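Here the structure comes first, spelled out in structure tokens, and everything after it is commentary.
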Amino acid sequence: MMRIELVKRPQHSVLFSALSPFIAFGLTLVAGAILFAILGKNPASALYFYFIDPLTEVWSLHELAIKAAPLILIAVGLSVCFLSNNWNIGAEGQFVMGAVAGSILPVLFPEFQSWIVLPLMMLMGIAGGAAYGAIPAWLKVRFSTNEILSSLMLVYVAQLFLDWLVRGPWRNPEGYNFPETRNFHDYAVLPEILSSSGRAHWGFLFALIAAVVLWFLLSRTLKGFEIKLLGQSPRAGRFAGFSSSKMVFFAFMTAGGLAGLAGISEVAGAIGQLRPVISPGYGFTAIIVAFLGRLNPLGIVAAGLVLALSYLGGEAAQISIGVSDKTARVFQGMLLFFVLASDALIHYQIRITRPQTERTGEVSHGNA
Amino acid sequence: MGTLEAVLLTIATAATPLLIAAVGELVVERSGVLNLGVEGMMVMGAVTGFAIALMTGSAWLGLIAAIIVGALFSLLFGFLTLTLVTNQVATGLALTLLGLGFSGMLGEGFVGQPGVKLASVYIPGLSDIPLVGKLIFGQDPVFYISIALTAAVVYFLFKTRAGLTLRSVGDNHGSAHALGISVIGIRYMAVMFGGGCAGLSGAYLSLVYTPQWTENMTAGRGWIALALVVFASWRPWRVLAGAYLFGAVTIGQLHAQALGFGIPSQLLSSLPYVATIIVLVLISRNKRLTMMNTPASLGRPFVPDR
Amino acid sequence: MKKTLLALTAATLVSFGATAAYAKTKACFIYVGPIGDFGWSYQHHQGLLDAEKAMGDELETAYLESVPEGADAERAIERFARSGCNIIFTTSFGYMDATNKVARRFPKVKFEHATGYKREHDNVSTYGSRFYEGRYVQGEIAASISKTGVAGYIASFPIPEVVRGINSFILGAQSVNPDFKLKVVWVNTWFDPGKEADAAKALIDQGVDVITQHTDSTGPMQVAAERGIKAFGQASDMINFGKETQLTSIVDDWGPYYIERIEAVAKGSWDQKDTWAGMKEGHVVMAEYTNMPDDVKATAAATEAKIKSGEFHPFSGPITKQDGSEWLKEGETADIGTMLGMNFYVKGVDDTLPQ
């Protein structure tokens, strides 16, 4: 019987590292063209609206930055978690709690207006996210509670907490009892980068800075080595004198802090008030972004931009040629599948063989 | 029908889809694979079950079709993660995205049409026994399937050779492979079993729970099912207990509201989640027991080396 | 240029009262849910389809569904404004600030925001419907046919819109049976068929025999049908889901408003306004009264007619609040401000309003 098998390359293929995004993109174009043709749309124009149209206008580039910023910020933080084998899938909740903590000043003390408000809000946002991230970390260290579950459950709790705040104690007193807080005053709004051409705000700069800092941390420092070593082999890490308990807290609080920063930036930048729902699932999408970027902060910047582009392109295609919202999501799913599949080529060779007597072995890469 | 009996029936209905999806995922995870795409497979099952039942007039055919489609859909995940060795977490999330979009596309023509409901069992005499009659003898067929499925999975995992093999693959794929076991083959079958269960669970929503099709009608139940597996520390009977506990808290909070307790509804709505965390902490304090049940190779990719 | 000329000609013709061809107008819609929800967004989309039917080739439309409230909304609205839309309907409360922000940048485009109250620029109008008018009729019907004297209310979120509906319902019910009771369950979602069905079951198990809902799915209707009690539909006519169950349904009919406003843009007569229309204007339509005795039907129809003609207002004094204090005296009717921000129950609601 013939079988498709993967054979591990002795080294990562440099060629395929560079080529795999293009292969994925090519496959997506072909599959997308077929999908659109089946639905009776002109494939060429559909693909144009997906990938080119959003890049042709300045305002749209700003929107790309706005959409990508939270994804990148959260995903670079998650890369620390995943590399150190901490399965934080609760970034959505940390995002929300960061936004809540950061909004305390403009919502509860609207008379306090000074330039210092905004920096304080950012710091409180980071603290809020980090503190919320510390809960599953503590549960994992103290009770060895599975962090996938506890962090996920805490997402729902955070969302309901925000909901309660916004409908109850923090509701805008002048807002006809609608569920939203007062609008932030001018000192509490994150400035736009280039206000003449669009509304992208500093959140995108935060994302870029965070990506560079974490890239340096992971690839150039002892801490980065510690993170990866503990992730790949906790035992070897312990022999090297590293504490895995401390690492759990470090990873969760880094990711939580960055998710919190993303939360308060989104609220202070793009929205301008707290509302019952402030995120369309950034915390979950960022998990995909982190892996698309191969857990490398610089790769994550690229992945975040591509994913943001697929959202914007989906909208452009819906409006211009009437592709439905569901088709846009199917197409996005296809893109993700092809990117993931093509990455296999970096580590493995595909070989078609007949089964024979085998030697065993085990690979561990990334998250193992 | 007394109130207590009615409440218990409601809880059983709420727990059944969670139980089916979670038991399926449990088998997948016992084989060492983490498939986060349960929600996507469920919603595909929901639309398939609804559509086939409506077109053929038979809810049973709908259920069967949903199982098949769920299993086929999970093959996509299997091919990527098992053959192409992609990251399981990211692939599972992508599968959910794809499923939600795809089901919406397929179901566009079915919105606003009442569906075919799977009839409940009725055994003259037995179903009329006070208190327990309807509970034990008068529910929908899928309820019985869910209990039988749990028992079958327990038997399979812990009493059969094949189950032992599957668990060994999940615990240490390296040594399993050395013993000549086809790790990838077994994982493919486990993934498809999980997909079939998720499909059935989705069809339960669109054929029994609320016989209709609406986009995103699973509304996050796939995620709850995933949580239940960990909550149950990979033991099938605990999954059953967890599903019923979760159902009881969800239904209980609705009853508390209807009785007029003045508690913020957000607090009540968050109770199931908080309860899950607390129970999980209580369970996982017993480290030895948890470690014993956790598939050691969970989420780790496997490639035979040659 | 040609377009402007055409528009001018059209405007002239119309001013003479002739039915004439309009210059092509582009109307764009943003929905918060999928158009397949068979509820809120579905009904708005029906309005779009009505407008297409009425205006034919003179109208071009586009829509975006499932647009999250927040940063995404502003982008979606801006995209529409840039893509040549003449009028943009933003159909969820959460789009309020985004609509106003974009409107500032595109003064020539007209914006219509549903259910909000902010009109910060001349090119922003707001519109909403007086669904509470229908709730009063429902309350009357419920009290007339209920044997247990208790109805169940599946509520989404404690916002004024929903609270208004609950109050109007109980007032309608008390006009028939002063001791009528109402149990309220908050499900904290607009759309989750399973959870809404669970809520319906919980209410039925506690002895209610009529159910009404302020959530969007047909789940509760199906449960009511299964348990053999009666229920009211919501947003759309749900009779297909409960042929022997649905008493009536409050149908959101946005078509007349959309046609009126789009035609106004085409004619160049669009002006800013705040529309809060109800049965009279045809925005709130009661689905056929079914599954009830003829005398109840007749009373319901009579009340509907009185509300339509303006003879009767559901919030007419004397009305006592839940806490026993007086809200409206004999002969008073509620002012718009209090109704818009309603955050209290009237007497008879068996629930504590989440604050």
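The values are calculated or read from the model by the stated rules, or taken from the named source; none is laboratory data. Predicted, not measured: the structure shown is a model, and the values here were computed from it. Counting neighbours? That spans all protein chains shown, and the Cβs are built from the backbone with ideal geometry, glycine included.
Quick notes on this structure:
- Highlighted here are the strands (runs of 3 or more DSSP E) found entirely within segment C:134-225 that include at least 3 residues which are more than 8 Å from chain B (Cβ to nearest Cβ): C:150-155, C:210-213.
- Restricting attention to segment A:195-216 and to residues that are assigned to a loop (DSSP other than H, G, I, E, B) and touching a residue at least 60 places away in the same chain (Cβ under 8 Å), the residue that is surrounded by the fewest Cβ atoms within 10 Å (Cβ to Cβ) turns out to be A:S197.
- Listed by position, the helices (runs of 4 or more DSSP H) inside segment B:187-300 whose residues that are aromatic (F, W, Y) and closer than 30 Å to A:W138 by Cα number at least 1 are B:221-231, B:236-258, B:265-284.
- Some residue of segment C:89-105 being within 14 Å of chain A (Cβ to nearest Cβ), of a type outside the set (F, W, Y), free of Cβ contacts under 8 Å to residues at least 24 places away in the same chain and surrounded by fewer than 24 Cβ atoms within 10 Å (Cβ to Cβ): yes
- Among residues of segment A:45-56 that are under 15 Å from A:A308 (Cα atoms), those with a Cβ under 9 angstrom from a residue that is among the β-branched types (V, I, T) and at pLDDT below 90, sequence gap 6+ or separate chain, pair up as A:F49/A:I319; A:F49/A:I321; A:F49/A:V323; A:Y50/A:V323.
- Selection status of B:V208, buried (at least 24 other Cβ atoms within 10 Å of the Cβ), under 14 Å from the mean Cα position of the chain (by Cα) and at negative phi: no
- Matching option when the condition is of a type in the set (D, E, K, R), within 11 Å of chain A (Cβ to nearest Cβ) and surrounded by fewer than 23 Cβ atoms within 10 Å (Cβ to Cβ), among C:K118, C:K108: C:K118
- Subset of segment C:25-51 (residues that are hydrophobic (A, V, I, L, M, F, W, C) and either assigned to a helix (DSSP H, G or I) or under 17 Å from the mean Cα position of the chain (by Cα) (or both)): C:F29, C:I30, C:V32, C:I35, C:F38, C:W40, C:L48, C:L49, C:A51
- The set of residues from segment B:85-141 being within 14 Å of chain A (Cβ to nearest Cβ), in contact (Cβ under 8 Å) with a residue 40 or more places away in the chain and under 21 Å from B:T56 (Cα atoms) comprises B:S103, B:G104, B:L106, B:G107, B:F110, B:V111.
- Hey, C:A54 within 7 Å of chain A (Cβ to nearest Cβ), assigned to a helix (DSSP H, G or I) and of a type in the set (A, V, I, L, M, F, W, C) or not: no
- Evaluated against (1) in contact with an Asp or Glu (Cβ under 7 Å, 6 or more places away or on another chain); (2) buried (at least 24 other Cβ atoms within 10 Å of the Cβ); (3) within 13 Å of chain B (Cβ to nearest Cβ), A:R351 falls short on exactly one condition, (2).
- Of all the criteria given as (1) at pLDDT 85 or above; (2) under 27 Å from C:A73 (Cβ atoms); (3) β-branched (V, I, T), the one not satisfied by A:I321 is (1).
- The strands (runs of 3 or more DSSP E) falling completely within segment C:238-355 that include 1 or more residues that are within 13 Å of another protein chain (Cβ to nearest Cβ) and in contact with a strand residue (DSSP E or B) (Cβ under 8 Å, 6 or more places away or on another chain) map to C:246-252, C:274-277.
- Residues of segment A:42-91 classified as of a type in the set (S, T, N, Q) and over 21 Å from the mean Cα position of the chain (by Cα), total: 3
- Filter result (within 14 Å of chain C (Cβ to nearest Cβ), modelled with pLDDT under 75 and out of contact with any Ser or Thr (no Cβ under 8 Å at 6 or more places or on another chain)) within segment B:267-295: B:L268, B:S269
- The residue that is surrounded by the most Cβ atoms within 10 Å (Cβ to Cβ), among those in segment A:120-144 that are within 10 Å of another protein chain (Cβ to nearest Cβ) and touching a Phe, Trp or Tyr at 6+ places or on another chain (Cβ under 9 Å), is A:P136.
- Selected residue [within 14 Å of chain B (Cβ to nearest Cβ), within 28 Å of A:F184 (Cα to Cα) and assigned to a helix (DSSP H, G or I)] from A:F284, A:F291: A:F284
- Enumeration of residues in segment B:91-114 that are small (G, A, S) and more than 22 Å from the chain's Cα centre (by Cα): B:G109, B:G112
- Residues of segment A:14-49 satisfying the condition of being within 14 Å of chain B (Cβ to nearest Cβ) and either surrounded by 12 or more Cβ atoms within 10 Å (Cβ to Cβ) or in contact with a strand residue (DSSP E or B) (Cβ under 6 Å, 6 or more places away or on another chain) (or both): A:F16, A:S20, A:I23, A:A24, A:L27, A:T28, A:A31, A:G32, A:L35, A:F36, A:L39, A:K41
- Matching option when the condition is surrounded by fewer than 21 Cβ atoms within 10 Å (Cβ to Cβ) and within 14 Å of another protein chain (Cβ to nearest Cβ), among A:S265, A:S324, A:S320: A:S320
- Pairs where the first residue, in segment C:156-170, is crowded, with 24+ Cβ neighbours inside 10 Å and the second is part of a helix (DSSP H, G or I) and acidic (D, E), C-beta under 8 Å, 6+ apart: C:S168/C:E133
- Inside segment C:192-232, residues that are more than 22 Å from C:G134 (Cα to Cα) and either in the same structural domain as C:Q43 (by TED's automatic domain parsing) or of a type in the set (S, T, N, Q) (or both) make up a count of 1.
Each row is one residue, and each column tells you yes or no for (1) in contact (Cβ under 8 Å) with a residue 12 or more places away in the chain; (2) polar (S, T, N, Q); (3) crowded, with 24+ Cβ neighbours inside 10 Å.
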| position | (1), (2), (3) |
| --- | --- |
| A:E92 | yes, no, yes |
| A:A101 | yes, no, no |
| A:F109 | no, no, no |
| A:L118 | yes, no, no |
| A:E147 | yes, no, yes |
| A:L165 | yes, no, no |
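- Flag if A:S244 is farther than 29 Å from A:A308 by Cβ, among the hydroxyl-bearing types (S, T, Y) and either in contact with a strand residue (DSSP E or B) (Cβ under 8 Å, 6 or more places away or on another chain) or surrounded by fewer than 16 Cβ atoms within 10 Å (Cβ to Cβ) (or both): no
- Test: B:W223 is facing chain A (nearest Cβ under 10 Å), touching a residue at least 60 places away in the same chain (Cβ under 8 Å) and closer than 27 Å to B:F110 by Cβ: yes
- Residues in segment A:62-80 that are touching a Pro at 6+ places or on another chain (Cβ under 8 Å) and among the aliphatic types (A, V, I, L, M): A:L64, A:V76.
- Residues located in segment A:166-185, provided they are at the interface with another protein chain (Cβ under 9 Å from one of its Cβ atoms) and at pLDDT 90 or above: A:N183
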